[in-house]
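Inspection log for the structure reproduced underneath, given as structure tokens.
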Amino acid sequence: MESCIVEKNLMIEQLIEKELKPFVKKIDADAFYADGFLKKLGEAGLFSSINKQDKEMLLDEMHVVKETAKVCMTTAFCLWCHLAALTYIRKTDNLEIKNKLLSSFENGEILGATGLSNPMKYYAGLEKLNLSAEPVEGGYIINGVLASVSNLGENHWFGLVAGVSENKRIMGVVPCNVSGLKLKEKVDYLGINGSSTYACAFNDVFIPKEWILSENADLFVEKIRPAFIAYQIPLGLGVTQASIELIEKVGQKQNGCNLYLKTQSDDLQEEARKLEEKVLTIFNRDESLNWKDVADIRLKVAYLTLKAVQTNMLHNGSAGYLKDSAPSRKLREAYFFANLTPTVKHLEKVLTV
Ligand SMILES: Cc1cc2nc3c(=O)[nH]c(=O)nc-3n(C[C@H](O)[C@H](O)[C@H](O)COP(=O)(O)OP(=O)(O)OC[C@H]3O[C@@H](n4cnc5c(N)ncnc54)[C@H](O)[C@@H]3O)c2cc1C
């Protein structure tokens, strides 16, 4: 058991070293999309659910997200997209789509993505649903626009929720090449431009019944929500850990002047440790994960990440203020993490009302 974990961690380390690190600059500066790395993780068996319980699988995959985020949060976010989509396939009762996609998603042959920000905001009372579904013979016709869906590419599939009537919403998956879907690439963001993000316009897109994950999206979203949020936690913890390391590297700069700064790496490390412990506490309970417990940790991690990247900027001085420096990149990526659905404001709302 122990040696198996060591072996797996070594494999993750080697894949990051060989398949991700060489592209890290290009991902940030040239919007390079590291799909090759994501596929290699799958090929290595790191998304396999065989002989694994739900929580064990989730924790193992969260570990891969964290290790990736230490080096490149953009790619770790793409990995989150894939794992969110994989959760939809794992949890569906529709065996046709499960048989079609599960093993290809798990072995990295096909990558997945998720257009669920708008539905998550809809369920929290923040927005109207952007997609509509009209029932027709054999399936539904989808219309509407999703402003941003990441981790898209040829042969990729992504999840969506569309409103059929006042009382009914469906959840399905579609391939990027489905007829009637127009994709427009978006690369003018402050960061994470290597996330292969597109605006998705649905113009009478037919989705057959085989692609419907659930005829009752309201219930299905309840099933996938804990994992959807949990997989985001290591995005922030990875960036925080990397920031701690960068702060420690410059500890002796200017005769140790950084030691006078109010926040030190030890403070961040202690906060991160407590949050990691909280993750284990909720996972070790006998009952299934309560999404509000997960959301509470996700919110605290968002605040810690913002604090860590800001502290990193203060410790690194003008070297950190260079456009392509690691601290400034982490700062830009962290602001996306804070504004990734569920955003900080969204989480504050659902944890209050
Ligand atoms: C780089 C990037 C990648 C993202 N990837 C995904 C993804 O993979 N899947 C996913 O579901 N969501 C994705 N999102 C959305 C993200 O998760 C958040 O929902 C969003 O960043 C901010 O939400 P907000 O609540 O602050 O709403 P706001 O950004 O304030 O948006 C409010 C409303 O305006 C709409 N809107 C925002 N921008 C535009 C635009 N350019 N054109 C038209 N309407 C717009 C939104 O849909 C929403 O209805 C991405 C966003 C960004 C910036």
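No lab work stands behind these numbers, since they all come straight from the coordinates. Computed from a predicted structure; not experimentally measured. All Cβ positions, glycine included, derive from the backbone under ideal geometry; neighbour counts span all protein chains shown.
For Thr114, the amide hydrogen comes within under 5 Å of the amide hydrogens of Ser150, Gly159, counting only partners 5 or more places away or on other chains and with H modelled in the peptide plane.
Of the GluC sites (Glu not before Pro) found in segment 273-321, those that fall in a DSSP loop while having at most 16 other beta-carbon atoms within 10 Å are Glu287.
Applying a DSSP loop filter and a limit of 12 other Cβ atoms within 10 Å to the trypsin sites (Lys or Arg not before Pro) in segment 292-334 leaves Lys323. Taking GluC sites (Glu not before Pro) across segment 44-111, the ones in a DSSP loop with at most 15 further Cβ atoms lying within 10 angstrom of their Cβ are Glu109.
Working from Cα pairs under 8 Å separated by at least six residues, relative contact order for segment 232-352 is 33 percent.
Computed over neighbours whose Cβ is under 11 Å from that of Glu210, the net charge equals +2, Lys and Arg +1, Asp and Glu -1.
Rounded to the nearest 500, the 222 nm mean residue ellipticity of the chain from helices alone is -17500 deg cm²/dmol, with -39,500 (n - 2.57) taken per DSSP H run of at least 4 residues. Here the Gaussian network model covers the chain, with springs between Cα atoms less than 10 Å apart; of Ala319, Ala217, Ala201, Ala319 fluctuates the most. The phi-based Karplus calculation (6.51 cos²θ - 1.76 cosθ + 1.60; θ = phi - 60°) puts the 3J(HN,Hα) values of segment 173-182 at 10, 9, x, 4, 9, 5, 5, x, 9, 10 Hz, whole numbers, x for Gly and Pro. For Leu131, the residues 5 or more places off, or on other chains, whose built amide H falls under 5 Å of its own are Gly163. Across segment 100-113, rounded Karplus estimates of 3J(HN,Hα) from the backbone phi angles (6.51 cos²θ - 1.76 cosθ + 1.60, θ = phi - 60°) give 6, 10, 4, 5, 5, 5, 6, 9, x, 5, 10, 9, x, 8 Hz, Gly and Pro being marked x. Computed from the C-alpha gyration tensor, the three semi-axes of the ellipsoid equivalent to segment 109-199 are 23, 17, 11 Å, from longest to shortest. Taking amide hydrogens as placed 1.01 Å from N in the peptide plane, the amide H of His156 sits under 5 Å from those of Cys176, each at least 5 positions away in sequence or on another chain. For the residue pairs Lys66/Lys91; Lys253/Lys278; Lys26/Lys100; Lys249/Lys274; Lys98/Lys182; Lys70/Lys300, alpha carbon separations beyond 29 Å are given by Lys253/Lys278; Lys26/Lys100. Could you give the C-alpha radius of gyration of the chain expressed as a fraction of 2.2 N^0.38 Å, taking N as the number of residues it contains? Ratio of Rg to 2.2 N^0.38 Å for the chain: 0.99.
What the phi angles of segment 234-250 give under the Karplus curve with 6.51, -1.76 and 1.60, with θ = phi - 60°, is a coupling list of x, 4, x, 5, x, 5, 4, 4, 5, 5, 4, 5, 5, 5, 5, 4, 9 Hz, glycine and proline written as x.
Estimate the FRET efficiency between Ala201 and Glu96 by the formula 1/(1 + (r/R0)^6), using the beta-carbon distance for r and 30 Å for R0, to the nearest 0.05. Plugging the Cβ-Cβ distance into 1/(1 + (r/R0)^6) gives 0.65. Compute the acute angle (0 to 90°) between the alpha-carbon long axis of helix 2-15 and the principal axis of greatest extent of the alpha-carbon atoms of the chain; round to the nearest 10°. So the inclination is approximately 90 degrees. Given contacts defined as C-alpha pairs under 8 Å and at least six residues apart, what's the relative contact order of segment 112-220, whole-number percent? Computed over segment 112-220, the figure is 30 percent. Given a 10 angstrom Cα cut-off, can you work out which residue in Lys18, Lys186, Lys26 is the most mobile in a GNM of the chain? So, out of Lys18, Lys186, Lys26, the one fluctuating most is Lys18.
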